[in-house]
């Protein structure tokens, strides 16, 4: 059964690639059916949270299907959208598979953990931020394992120092969700607000994200300056060791943008198309010193290992696929203007300023930003009718995503941090990040309001 499930997900991925490259609708529909079959087969093995999400989003989408004059066509097209979301995630996993076995990544992580007091929090925040782009929440596990080992060797207040380092890693990772193009946020927001110029918004979001990270550093300096303690020890590496990872991120982004430009499509689509090739190339580079026979043996072993791990991606595939389905199907249940007429009396600035509050509040009850943003896009298909530029709405969603992930106890990053810190996910997020999130909410409001005033509607 696991082998069948993995093959179905791969078929969904391949079908989506053909759909994106050649605009073959039948291939996209076949991909959607394969993804739905994968999710149904994996449903009994899901955590309770993922089961509830799947049922709730599927039921929400089916409301739109039932109200449609062409229900079967809408059902198939909605799962076609879901397959595109899930294919994006599987493409990310190929790159992450290469990163997880990279000696360079481990050298970089060890260098960050070995930083002396005064630089350690900033270094680990930067590490969580940068390596989260290619490792996703695997960056938390990589750096956290090194942090815990370092804490065992150091003296002083080990518990406080370890907590601070874990919090630095977690905050670096979650704020990465505000801007990184190689992230689930980019595909969901660009789909929910298709008129938004994501390529131009990413640099603005990047700048705001760095200020948000500085807020965390300042908070750490104010509260814990006296408990820095000793470093792990001198590192033989220099900061140049990180240039390889920075170069990889720039290469992937440039290749994805070039592909998107050639295909005349969105950046997220370009990422879906280019990431698998770059990830496989990275793996091949790691095996370059093997003689031909050993290279082939190791390559086949890696492919089999990746195939066997695919069913473990069921949770992410469920949230992504079902959110894509619900967003498109529910949008069909609304009139052409969505729910915009009900917000006509609301001052335009209130709408983008409400998005961070909405994502933070829904995150506390377990709703993933993926689902919330997808449904938000269906509710407001044309934000300009409310006096809000698509760029402003998308920018608000981007910044809100990082804020929400950082404070919700239901995210994968929360679970990973809590596991290493030996506390509850609620403690590791809602409690530890309350002040950090509040200050950054005010910062995000200021940035959103500035863009709203500066960006024209036309």
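Just the residues that are crowded, with 16+ Cβ neighbours inside 10 Å, outside any helix (DSSP H, G or I) and more than 20 Å from the chain's Cα centre (by Cα), please, taken from region 245-281.
From region 245-281, those crowded, with 16+ Cβ neighbours inside 10 Å are 245, 248-249, 252-253, 255-257, 259-260, 265-276, 278-280; that's our starting set.
Then keep just the ones that are outside any helix (DSSP H, G or I); that gives 265-266.
Result: 265, single match.
Every residue, every condition in (1) at pLDDT below 95; (2) under 15 Å from the mean Cα position of the chain (by Cα), yes or no:
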{"position": "154", "(1), (2)": "yes, no"}
{"position": "172", "(1), (2)": "no, yes"}
{"position": "180", "(1), (2)": "yes, yes"}
{"position": "184", "(1), (2)": "yes, yes"}
{"position": "190", "(1), (2)": "yes, yes"}
{"position": "197", "(1), (2)": "yes, no"}
{"position": "213", "(1), (2)": "no, no"}
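Tell me whether region 40-59 contains one or more residues that are more than 24 Å from the chain's Cα centre (by Cα) and within 18 Å of residue 370 (Cα to Cα). Give the derivation first.
Our first condition is that a residue be more than 24 Å from the chain's Cα centre (by Cα); within region 40-59, this holds for 41, 44, 59.
Add one more test, that the residue is within 18 Å of residue 370 (Cα to Cα), and what stays is 59.
Checked region 40-59: at least one residue is more than 24 Å from the chain's Cα centre (by Cα) and within 18 Å of residue 370 (Cα to Cα).
So, residue 49, is that one under 27 Å from residue 10 (Cα atoms) and modelled with pLDDT under 90 or not?
On the way: under 27 Å from residue 10 (Cα atoms): yes; modelled with pLDDT under 90: yes.
Spelling it out, residue 49 is indeed under 27 Å from residue 10 (Cα atoms) and modelled with pLDDT under 90.
Report, by residue number, each residue of region 21-33 that is surrounded by fewer than 21 Cβ atoms within 10 Å (Cβ to Cβ), touching a helix residue (DSSP H, G or I) at 6+ places or on another chain (Cβ under 9 Å) and part of a helix (DSSP H, G or I).
Selection gives 21, 25, 26, 27, 29, 33.
What is the one condition in (1) over 26 Å from residue 20 (Cα atoms); (2) modelled with pLDDT of 85 or more that residue 113 does not satisfy?
Exception for residue 113: condition (2).
Can you pull out the residues in region 287-308 that are surrounded by 15 or more Cβ atoms within 10 Å (Cβ to Cβ) and either farther than 19 Å from residue 135 by Cβ or at pLDDT below 85 (or both)? Outline the logic, then answer.
Step one: filter region 287-308 for residues surrounded by 15 or more Cβ atoms within 10 Å (Cβ to Cβ), giving 287, 298-299, 302, 306-307.
Matches in region 287-308: 287, 298, 299, 307.
Determine if region 423-442 includes at least one residue that is at pLDDT 95 or above and closer than 17 Å to residue 203 by Cα.
no
Can you find a residue in region 315-334 that is in a loop (DSSP other than H, G, I, E, B) and on the phi < 0 side of the Ramachandran plot? Break it down stepwise before answering.
Of the residues in region 315-334, the ones in a loop (DSSP other than H, G, I, E, B) are 334.
Applying the additional criterion that residues be on the phi < 0 side of the Ramachandran plot yields 334.
Among the residues of region 315-334, at least one is in a loop (DSSP other than H, G, I, E, B) and on the phi < 0 side of the Ramachandran plot, which makes the answer yes.
Evaluate the following for residue 69: is it in a loop (DSSP other than H, G, I, E, B) and either out of contact with any helix residue (DSSP H, G or I) (no Cβ under 7 Å at 6 or more places or on another chain) or at pLDDT below 95 (or both)? Full working, then the answer.
Working: in a loop (DSSP other than H, G, I, E, B): yes; either out of contact with any helix residue (DSSP H, G or I) (no Cβ under 7 Å at 6 or more places or on another chain) or at pLDDT below 95 (or both): yes.
Yes, satisfied.
Looking at (1) under 12 Å from residue 81 (Cα atoms); (2) in contact (Cβ under 8 Å) with a residue 24 or more places away in the chain, find the lone condition where residue 30 falls short.
Residue 30 satisfies all of (1) under 12 Å from residue 81 (Cα atoms); (2) in contact (Cβ under 8 Å) with a residue 24 or more places away in the chain except (2).
Residues that are within 27 Å of residue 454 (Cβ to Cβ), in contact with a helix residue (DSSP H, G or I) (Cβ under 9 Å, 6 or more places away or on another chain) and without any contact (Cβ under 8 Å) to a residue 12 or more places away in the chain: list the helices (runs of 4 or more DSSP H) wholly contained in region 341-424 that include at least 2 such residues. Please lay out each step first, then the result.
Numbers: elements: 350-364, 369-379, 390-407, 412-421.
By residue number, 350-364.
The values are calculated or read from the model by the stated rules, or taken from the named source; none is laboratory data. Values in this document were obtained by computation on a predicted structure and should not be read as measured data. Don't worry about glycine lacking a Cβ; one is built from the backbone with ideal geometry, like all the others, and counts go over all protein chains shown.
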